[in-house]
Amino acid sequence: MRLAQDNIQVPYGYEPPVDSRKGILVYYDTFEHATDKELDQAVDLMHNMSFKKLVLYPLHESTAKRMSEDAVRPYYKRLDMLHDWRRSIDESGVVIEGLEGKRKKYTPIDSALRHLTETYGKPLFLLLSPETASMFASYDSFEPWITRIRLLLTSGPSASQMHPRLVKYAHRWNVVGEQVDVSEQ
């Protein structure tokens, strides 16, 4: 049995610094109509709420087609737009997730969330539009997931948009701009 060769010596009583950054912010969207300003606001949210990373999760067109009737550009065009924006800001905390590009087919949200928690860790915060949040709330997998993640909505949902499960779990989501306690996770 061989011991590790890269031992480190620290002074007596040394305690490693506490990481003030907590959690991963995942922007789950088609990014069909996303502007540079909205993406910049997501980066500002990452810094203001002290998240470790901002993960942009663009949906494949087959996933977007099942979730909404809106037509979207091909996946690679939206991905190119995100990569161009990413290069222009030169931010190391922003990651573009390519799972849906590898699969090239419909990916259920619970599979995506499972992949994100395994890859990036916990706690996980999902940044969603109110429409996507209501759609997510309509799925059977919503109730098991909402207890493990927090939702951040890009704007306040109207009463007609809100799914009853979203109303039931109102304590597990916030609208961006409202104060959120990251330690609640």
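About the Cα centre of the range 4-109, how large is the charge dipole given +1 on each Lys and Arg Cβ and -1 on each Asp and Glu Cβ? Please answer in debye to the nearest 20.
480 debye
Using modelled amide H (1.01 Å from N, peptide plane; none on Pro or chain starts), what sits under 5 Å from the amide H of V26, excluding residues fewer than 5 places away?
V55, F125, L126, L127
To test your reading of the geometry: what angle, between 0 and 90 degrees and rounded to tens, separates the Cα axis of helix 36-48 from the longest principal axis of the chain?
40 degrees
Here are labelled values, (i) 17.9; (ii) 17.2; (iii) 19.5, and one is the computed Kirkwood radius over Cα pairs in Å for what I pasted. Which one?
(i)
Loop-only trypsin sites (Lys or Arg not before Pro) in the range 1-99, please: DSSP not H, G, I, E or B, and at most 11 other Cβ atoms within 10 Å.
R2
Please rank E131, E97, fewest neighbouring Cβ atoms within 10 Å first, as an exposure proxy.
Ordered by Cβ neighbours within 10 Å, fewest first: E131, E97.
Cβ neighbours within 10 Å, averaged per peptide: list 38-45, 9-16, 104-111 in order, most packed at the top.
So the peptides 38-45, 9-16, 104-111, ranked by packing, come out 38-45, 104-111, 9-16.
Taking amide H atoms as placed 1.01 Å from N in the peptide plane, list the residues 5 or more away in sequence, or in a different chain, whose amide H sits under 5 Å from that of V175.
So V175 has HN proximity to L153.
Counting only C-alpha contacts under 8 Å and six or more residues apart, can you give the relative contact order of the range 27-94 as a whole percent?
39 percent
Hey, got the dipole for the range 24-179? About the Cα centre, +1 on K and R Cβ, -1 on D and E Cβ, debye to the nearest 20?
For this selection, approximately 540 debye.
Test of understanding: ordering R150, R165 by Cβ neighbours within 10 Å, fewest first, what list do you get?
Lowest count first: R165, R150.
What is the order of T147, T30, fewest Cβ neighbours within 10 Å to most?
Exposure proxy ranking, most exposed first: T147, T30.
Per residue of the chain, what 222 nm ellipticity follows from adding -39500 (n - 2.57) for every DSSP H run with n ≥ 4, rounded to the nearest 500?
-10500 deg cm²/dmol
Bear in mind these aren't lab numbers, they're just calculated from the coordinates by the rules spelled out. Here the structure is a predicted model, which means the values were calculated and not measured. As a convention, Cβ positions derive from the backbone with ideal geometry for all residues, glycine included, and neighbour counts pool all protein chains shown.
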